[in-house]
Amino acid sequence: MISVRNVHKSFGSQVVLDGVTLDIEPGKTTAIVGPSGVGKSVLLKLIMGIMTPDKGEIFIEGENMTAARSESRKNHIRRSLGVLFQTAALFDSLTIYDNIAFPLVERNGLGAARAHQKVLDIAESLSLIEYLHNFPEQVSIGIRKRVGMARALITEPKVVLVDEPNTGLDPLDGQEVYDLINACKSQWGFTGLVISHELPEVFQVSDRVAMILGGRIISEGTPSEMIASPDAAVQQFLNGRTDGPIKIQ
């Protein structure tokens, strides 16, 4: 489980997060939603230990990421996490095979023979065998997302973080990514955290939804509860209206 407790983060005079408290329930997928620029990606970076909050604590599987001072300690806690980045963040100079194997070899220190079998196993599960000797530029963005998911899952994390799954994708490719998340969740049973500004599309992979606005969680519940929310900002965001409490920059 991920537990975020009264987290604050500012950059100079700009307050981005102003007391965020949120529990990500084990075995379920929670979507953190909100307009662009409200701090969703900042919260993700805080959870990953890439940034440090000004105040508050973040626990991952019972371990305090906020209190981790050394990079080695942070890396120890990060072993519980797998991450699917916006653009899949693959290494252009590495083959698909080497991209998938990278966390095993570089982070976990697994020997080549053991890493090889794990790469083959997950590549087969995600229908990537035929692409293993290609480079990222030689495959479609949908396949690159699939490779990114394979790399996120190969260390068998308890929690998978997904940052803006549909960025740069057309509707068909975007739906394929959502189908991929659901299929992987069903097979591997991880706890999921999805950052997205797309409603209601993200609801199809979400058990819970939390909306950030003004640095705080303003609404939280199941997708059905969010759809029925009486909150004017939630309804404005859900329906894509320009009029309402959310000011369009």
What about Phe85, is it aromatic (Phe, Trp, Tyr), within 26 Å of Phe102 (Cα to Cα) and out of contact with any Pro (no Cβ under 9 Å at 6 or more places or on another chain)?
yes
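Could you say whether any residue in region 143-160 is more than 22 Å from Asp121 (Cα to Cα), in contact with a Pro (Cβ under 8 Å, 6 or more places away or on another chain), crowded, with 20+ Cβ neighbours inside 10 Å and touching a residue at least 12 places away in the same chain (Cβ under 8 Å)? Steps first, please.
Of the residues in region 143-160, the ones more than 22 Å from Asp121 (Cα to Cα) are none.
No, that holds for no residue.
Is it the case, given these coordinates, that Val15 is β-branched (Val, Ile, Thr), surrounded by fewer than 16 Cβ atoms within 10 Å (Cβ to Cβ) and farther than 24 Å from Lys74 by Cβ? If you could, list the steps in order and put the result at the bottom.
Working: β-branched (Val, Ile, Thr): yes; surrounded by fewer than 16 Cβ atoms within 10 Å (Cβ to Cβ): yes; farther than 24 Å from Lys74 by Cβ: yes.
Spelling it out, Val15 is indeed β-branched (Val, Ile, Thr), surrounded by fewer than 16 Cβ atoms within 10 Å (Cβ to Cβ) and farther than 24 Å from Lys74 by Cβ.
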Residue list for region 18-50, restricted to those being exposed (fewer than 15 other Cβ atoms within 10 Å of the Cβ) and either among the acidic types (Asp, Glu) or in contact with a helix residue (DSSP H, G or I) (Cβ under 7 Å, 6 or more places away or on another chain) (or both)
Glu25
Counted residues in region 152-201 being in a helix (DSSP H, G or I), more than 30 Å from Gln236 (Cβ to Cβ) and under 13 Å from the mean Cα position of the chain (by Cα) come to 2
Please find, within region 142-176, the residue that is nearest to Glu106 (Cα to Cα) out of those that are modelled with pLDDT under 85 and of a type in the set (A, V, I, L, M, F, W, C).
Leu169
Mind listing just one residue for me: the one in region 215-249 that is within 25 Å of Ser13 (Cα to Cα) and in contact with a helix residue (DSSP H, G or I) (Cβ under 8 Å, 6 or more places away or on another chain) and, of those, modelled with the highest pLDDT?
Ile218
Total residues in region 1-40, condition in contact with a Gly (Cβ under 6 Å, 6 or more places away or on another chain), without any contact (Cβ under 8 Å) to a residue 60 or more places away in the chain and closer than 18 Å to Leu193 by Cβ
2
Note on region 73-124: residues charged (D, E, K, R), part of a helix (DSSP H, G or I) and touching a residue at least 40 places away in the same chain (Cβ under 8 Å) are Arg107
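Going by the structure shown, is Arg69 assigned to a helix (DSSP H, G or I), among the basic types (Lys, Arg), without any contact (Cβ under 8 Å) to a residue 24 or more places away in the chain and more than 25 Å from Lys145 (Cβ to Cβ)?
no
Just to be sure before I move on: is Arg241 among the basic types (Lys, Arg), over 29 Å from Leu90 (Cα atoms) and not in a strand (DSSP E or B) in the structure I sent? Let's see the steps before the verdict.
Working: among the basic types (Lys, Arg): yes; over 29 Å from Leu90 (Cα atoms): yes; not in a strand (DSSP E or B): yes.
It is true that Arg241 is among the basic types (Lys, Arg), over 29 Å from Leu90 (Cα atoms) and not in a strand (DSSP E or B).
The values are calculated or read from the model by the stated rules, or taken from the named source; none is laboratory data. The structure displayed is predicted, hence computed values, not measured ones. So basically every Cβ, Gly included, is an ideal-geometry build from the backbone, and we count neighbours across all protein chains shown.
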